[in-house]
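Here's the structure, in structure tokens; my notes come after.
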Amino acid sequence: MEKQPYSIVEAFLRHAENAPEKPCLHFDGEQWTYQGLHGRAGTFAGALRARGLQPGERVALFLGNSPDFLAAYLGTHLAGGVVVPVNTQYRRGELQHIFDDAGVRLCLTDGERRPEIEGVHSALPELETIVETGEELDTFLGDAEPFEPELPGKEDLAVVAYTSGTTGRSKGAMLLHGNLAANAAAVCEAWRWTADDHLLLTLPLFHTHGLMVGAHGTFFSGASTELWPKFEAAGVYEALLGGSFTMFFGVPTMYARLMREAEGREERPRPLRLYVSGSAALSPSAFEEFEELFGERILERYGMTETIMNLTNPYHGERRPGTVGAPFPGQEARVVDIESRQPLSAGKVGEIEVRGPHVFEGYWERPEATSEVFDEHGWFSTGDLGSVSEDGYYTISGRAKELIISGGYNVYPREVEEVIEVCPGVAEVAVVGLPDEEYGEKVTAAVVREDPDLTAERVTEFFRDEIANYKKPRRVVFVDVLPRNALGKVLKHEVREGLIQQEG
Ligand code: MCA
Ligand code: AMP
């Protein structure tokens, strides 16, 4: 039997060699075969080498979904570089931090995002080159020098993926080639993903869900994907009606929109082999409504940037609503008491910990943050609260970490509070997530005013240019005081309850 590839790029190259003419990617009416995408990736690698990129140096991908994104991703790995995927909604504040922290040397961007990164370029001495897709990329690729790529080892660093933290500024999660390959193998095995599959992928490639599940699974299994620039419910519905897709992956907000779309239509898509939901909780009522409307049970799974995919409902067997199933093959999970860190018995709620070849190496240049999340036996604390049933199904019931998930995007309250705190006229602020039908949770700010004339518009206006729009509070509520405990810490759950009561 052929040995399992050590990296995604190795798996991809095997398919490019064994089935060069096989379609790999469809985008905007174009088709890319494995050989075609390999050609573009190899040229990108040669161009990076021509610019003097050394193994281990960082290349940022700050562009929308496109074949160029994926060619540059594979090409960076072929050149021995490390990819830093960057959320396309990020603004100057976030960009400056990430590029500086990771010491990015080259950035591939597109026309829409270029002004944003140019705006902070002068503050980033290590950022030597910005390349824009189109003519500039063609010129860059024209300088490629031929070289014999060396396949990365499983211990080599592949990706630094930025994930926000409780302290405000985001941290880079270091994923090795071996982590990526091991998780893709586990996902393909669990979901029976084969070369015959055809995925409709509308998730952004800069996040784990789109890149490390959608694209990695495709490259690992030798399958094909139709990639869209973004999700759009009516278009996706049409595509599902007429397409040859076998799989669709989405966040709960996408499923909610697809169901609303279905309500106004007679015709239903024919069954797919697999619908998967993740990144945020799918409510049992949404699960059941989807089954009624589409005649299929969504497979819900649970993941994290630091660990890629952790838990999954079964492919065969019961997909239990409100649960995220059991560990993927070759991976472990357990529930521990938050204080004692001792494993808990079935049904008891504690923190979920995971262990296995998929778990990341640590946070980029933050050994202390890394040691906080690992114990001496290699268990990683996810910061998610949950329990496991007698028959092995995990349920996520809350979070030990302060995190708001809006439409599958993570928002750390501290990061938003730090922006609002410096807005003139603000005395104090607490940011919480309130329930929202469309996005699951909505970012909400409770503000104590110093200036009685301060308006909600002025607070949100203040966000411009600083941080991504989806982090901006959808509601700003003025309060007289923030509830605090004896140590002076703001009681977030009380703030949240108070705001929910006000809304109700
Ligand atoms: C866009 N907007 C949002 C969000 N998305 N606001 C709050 N929450 C959001 N998620 C804002 C925009 O800034 C804009 O604001 C307005 O909504 C309309 O923008 P548009 O681009 O039309 O957005 P949309 O169509 O409403 O987007 C919804 C979406 C998108 C398609 C669900 O949010 C999305 O693609 N989410 C997926 C995120 C994802 O891939 N997460 C995986 C993370 P304004 O009108 O003010 O300008 S990986 C992960 O979590 C782990 C590993 C896992 O388990 O998968
Ligand atoms: P990220 O840091 O963007 O990788 O987001 C990871 C977080 O998303 C996890 O720690 C969970 O809190 C959340 N998450 C992912 N999948 C699910 C799910 N199926 N149900 C509930 N929460 C989820």
Please determine, by comparing only the residues of segment 303-318 that are within 16 Å of ligand 1 (Cβ to nearest atom) and not hydrophobic (A, V, I, L, M, F, W, C), which one is surrounded by the fewest Cβ atoms within 10 Å (Cβ to Cβ).
-> THR305
In segment 84-97, how many residues are touching a Ser or Thr at 6+ places or on another chain (Cβ under 8 Å) and crowded, with 22+ Cβ neighbours inside 10 Å?
-> 1
Subset of segment 197-225 (residues that are more than 13 Å from ligand 1 (Cβ to nearest atom) and in contact with a Phe, Trp or Tyr (Cβ under 6 Å, 6 or more places away or on another chain)) | HIS198, LEU200, PHE219, SER221
Is one or more of the residues making up segment 200-208 more than 14 Å from the chain's Cα centre (by Cα) and either more than 16 Å from ligand 2 (Cβ to nearest atom) or not small (Gly, Ala, Ser) (or both)?
-> yes
THR194 vs. criteria touching a helix residue (DSSP H, G or I) at 6+ places or on another chain (Cβ under 6 Å), among the polar types (S, T, N, Q), within 16 Å of ligand 1 (Cβ to nearest atom) and modelled with pLDDT of 95 or more = no
Among the residues of segment 383-433, which ones are buried (at least 20 other Cβ atoms within 10 Å of the Cβ), within 24 Å of ARG484 (Cβ to Cβ) and within 16 Å of ligand 1 (Cβ to nearest atom)?
-> ILE404, VAL411, TYR412, PRO413, GLU415, VAL416, VAL419, VAL431, VAL432, GLY433
Given GLU503, GLU461, which one is among the acidic types (Asp, Glu) and either under 28 Å from TYR90 (Cα atoms) or surrounded by 13 or more Cβ atoms within 10 Å (Cβ to Cβ) (or both)?
-> GLU461
If we keep just the residues of segment 215-235 that are surrounded by fewer than 22 Cβ atoms within 10 Å (Cβ to Cβ) and aliphatic (A, V, I, L, M), which is nearest to CYS188 (Cα to Cα)?
-> ALA233
Across segment 262-290, what is the total count of residues that are over 17 Å from GLU318 (Cα atoms), within 25 Å of the chain's Cα centre (by Cα) and more than 14 Å from ligand 2 (Cβ to nearest atom)?
-> 1
Entirely in segment 134-216, the strands (runs of 3 or more DSSP E) that have 2 or more residues that are under 21 Å from SER66 (Cα atoms) and either touching a residue at least 60 places away in the same chain (Cβ under 8 Å) or out of contact with any strand residue (DSSP E or B) (no Cβ under 8 Å at 6 or more places or on another chain) (or both) | 157-165
Scan segment 237-262 residue by residue and report those that are assigned to a helix (DSSP H, G or I) and closer than 20 Å to HIS207 by Cα.
-> PRO252, THR253, MET254, TYR255
Pairs only if they're at least six apart or on different chains, beta carbon under 6 angstrom, first in segment 439-452 and among the aromatic types (Phe, Trp, Tyr), second within 16 Å of ligand 2 (Cβ to nearest atom); list them, first residue then second.
-> TYR439/THR253; TYR439/SER406; TYR439/GLY407
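The values are calculated or read from the model by the stated rules, or taken from the named source; none is laboratory data. As the structure is a prediction and not an experimental result, all values here were calculated from the model. Cβ sites come from the backbone with ideal geometry, for glycine too, and all protein chains shown count toward neighbours.
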